[in-house]
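Notes follow once the structure below has been shown.
The values are calculated or read from the model by the stated rules, or taken from the named source; none is laboratory data. This structure is a prediction, so every number in the text was calculated from the model and none was measured. We place every Cβ from the backbone using ideal geometry, glycine too, and count neighbours over all the protein chains shown.
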Ligand SMILES: [Ca+2]
Ligand SMILES: [Ca+2]
Ligand SMILES: [Ca+2]
């Protein structure tokens, strides 16, 4: 993988994909705490991801697996069997390889927007777990 400076504090991470592989992208400022970027890539061809950091140190790496047959399958699959799809976890900052990836408890039952719906319920409803946008909850609120 090549990390090319684009402008101050921004880089383009480029890599050549291999057929049949799913790529999880991680970044770190200190090589101790690693964070997943909110996307998945799949298959051969040129892949690129734009990164920004104001940290004096900036590191990137790829996790890859060949257990999925397509990008759609990789996105909807549940690598750690915690009830949340890989792409849901990546989009909202959870670790798709760990059922309990923060100190708060299992990823699937956390309720970061405190609307009473755990992440598994938010995923099932197609609502945003970081915003109180669930129609049932909004009705509930309106009733008071
Ligand atoms: Ca999962
Ligand atoms: Ca997880
Ligand atoms: Ca919630």
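Values for this structure:
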| quantity | calculated |
| --- | --- |
| Residue in the stretch 109-116 that is over 22 Å from residue 35 (Cβ atoms) and either away from ligand 3 (no atom under 13 Å from the Cβ) or surrounded by fewer than 17 Cβ atoms within 10 Å (Cβ to Cβ) (or both) present | yes |
| Test: residue in the stretch 51-64 that is over 25 Å from residue 30 (Cβ atoms) and more than 16 Å from ligand 3 (Cβ to nearest atom) | no |
| Elements of type helices (runs of 4 or more DSSP H) contained in the stretch 37-144, each with 2 or more residues being in contact with a strand residue (DSSP E or B) (Cβ under 7 Å, 6 or more places away or on another chain), within 16 Å of ligand 2 (Cβ to nearest atom) and modelled with pLDDT of 95 or more | 71-76, 86-91 |
| Residues of the stretch 78-93 classified as over 10 Å from the mean Cα position of the chain (by Cα) and buried (at least 19 other Cβ atoms within 10 Å of the Cβ), total | 3 |
| Count - residues of the stretch 16-36 that are more than 17 Å from residue 52 (Cα to Cα) and assigned to a strand (DSSP E or B) | 5 |
